[in-house]
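Report on one structure; see the data block that follows.
The values are calculated or read from the model by the stated rules, or taken from the named source; none is laboratory data. Keep in mind the model is a prediction, meaning the values are calculated, not measured. Reconstructed Cβ throughout: ideal geometry from the backbone, glycine too, with neighbour counts over all protein chains shown. Surface areas here come from the heavy atoms of the whole protein model, side chains and all, with no ligands, DNA or RNA. Shrake-Rupley method; radii C 1.70, N 1.55, O 1.52, S 1.80 Å.
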Amino acid sequence: MPVTDQAFVTLATNDVYCHGALVLGQSLRNHKTSRRLAVLITSQVSSAMRAALNTIFDTVVDVNEIDSNDSMHLALLERLELGVTFTKLHCWTLTQYSKCVFMDADTLVLCNIDELFDREELSAAPDSGWPDCFNSGVFVFKPSLKTYNLLLQFANEHGSFDGGDQGLLNSFFSNWATTDINKHLPFLYNLSSSVVYTYAPAFQYFGKDTKVVHFLGPSKPWNYKYNPQTGTVIEDSSSSLSNSQLCFLQLWWTTYSSDVLPLLEKTQESSEPQIQREESVQKAEGSLEVHIAEPSESSPEPTFNPTPQETVKMDDVTSSVSELCIQPNPEVLSAEDERRKWEEGHIDYLGKDAFENIKKKLDSFLL
Ligand code: UDP
Ligand code: MN
């Protein structure tokens, strides 16, 4: 039964973050949430993106951008672009809902998480960098204009110690660390993908139960290159990702390429005349090319650059991802044949290569 007075809420202030919002929304749908899906957007979001968001989300809400303009603290965080995350505060104005779960646009849901609605405001998971603070990428809250106004007032008077929403929210809900353990969500509801390095044995032991992955930090899934023919994420030469991180990226990209890209192609066609930002999606010689116009100076967005004609590092990447993520069916195909099919781009998204199987394989690897 749908629960119409509760919602998952996310935010995208530009088209780039919309790609994340669409994947998040789709992942919630894939795991059959019974709650409404709402997305907050600002005027920079193009009409083609709005149309795509409208097909996945129940509600697309236009809000004004709020920027902390706190370059000093943001510089310390090395994330000057995060001043606009104050826009998140608008989520408290969604008073048509009695309770909501906010999720950053760079999160991905791996199973149904509707049980989060049993929690009260403000419930959140610890931040891996400073565990006495909560991470504001996933939190349970109760919409209220009173709280919204108090938050704005607090922001005006005190600012934010990190220049972004997380510093502000932690100061406002300052008793989170000490008062009520029920408001501490398990880390599995907001697992930062870098924990694979910071506490590898814990990830090995607990990671199989991950419910939400958060691609926290400056490198987002949409900054990676992806070869749709082989169905693999291509590592940047400067990054060295663990198998598990690659697998999470792979899951994001599988959802993106199988569910979101076709939708974007469709909405692009139907809203072509109103497109404000040049964007086209095409398949060229089996490789995916997504072009997005250069971001304007006022919106320092991450770039989205899936692979053009790049040589795929088949041996280093494909093998590890396919061995890790894909559940071979030994009765039908040998592992070698299975891998060849995967590399040739014959990916059975709805069958053996479906998300559930990828997750099972990840679980078995972790166990
Ligand atoms: N966000 C946005 N536009 C921006 C930057 C951030 O809409 O230019 C939103 C988006 O929902 C994003 C959230 O604010 O997920 C927090 O930013 P981000 O995830 O980049 O921060 P991190 O989790 O890496 O600290
Ligand atoms: Mn985030």
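Among the chymotrypsin sites (Phe, Trp or Tyr not before Pro) within the range 183-253, those in coil by DSSP and having at most 15 neighbouring Cβ atoms inside 10 Å are Tyr199.
With the charge dipole of the range 75-176 set up from +1 on Lys and Arg Cβ and -1 on Asp and Glu Cβ about the Cα centre, the Cα lying farthest toward the positive end among the listed residues Cys133, Thr107, Leu122 is that of Leu122.
With the convex hull of the Cα atoms taken as the outline of the range 95-160, the averaged projected area works out to 5.7 nm². Only the Cβ atoms of Lys and Arg (+1) and of Asp and Glu (-1) were treated as charged; on that basis the dipole of the range 3-63 about its Cα centre amounts to roughly 220 debye.
Note that the range 69-77 has calculated 3J(HN,Hα) couplings of 6, 9, 5, 5, 5, 5, 5, 4, 7 Hz, one per residue in order, obtained from phi through the Karplus relation 6.51 cos²θ - 1.76 cosθ + 1.60 (θ = phi - 60°); glycine and proline are x. Over the range 160-260, all Cα pairs binned in 5 Å intervals from 0 give whole-percent P(r) values of 2, 10, 17, 18, 17, 15, 11, 6, 3, 1, 0, listed from short to long. Would you mind getting the accessible area per residue of the range 98-224, heavy atoms of the protein chains only, 1.4 Å probe, in Å²? Each residue of the range 98-224 exposes 42 Å² on average to a 1.4 Å probe. Taking 0.36 nm per residue of sequence separation and removing the Cα-Cα distance, the Ser47/Asn69 pair yields an extension gain of 5.2 nm. Magnitude of the charge dipole for the range 67-109, about its Cα centre and with charges confined to Cβ atoms of Lys, Arg (+1) and Asp, Glu (-1), is about 260 debye.
Amide H to amide H distances under 5 Å link Leu11 with Leu40, Ala105, where only residues 5 or more positions off or on other chains count and H is placed in the peptide plane. Normalising the average separation of contacting C-alpha pairs (under 8 angstrom, six or more residues apart) by the number of residues puts the relative contact order of the range 1-150 at 27 percent.
Under 8 Å for C-alpha pairs, at least 6 residues apart: give me the relative contact order for the range 153-224, rounded to a whole percent. Relative contact order for the range 153-224 comes out at 24 percent. With 22 Å as the limit on Cα-Cα distance, the pairs of Lys99/Lys211; Lys32/Lys88; Lys142/Lys183; Lys88/Lys266 that go past it are Lys32/Lys88; Lys88/Lys266.
Using the alpha carbons alone, the radius of gyration of the range 13-89 stands to its Kirkwood radius in an Rg to Rh ratio of 1.04.
For the range 69-90 versus the range 210-226, the inter-centroid distance based on Cα atoms is 19 Å.
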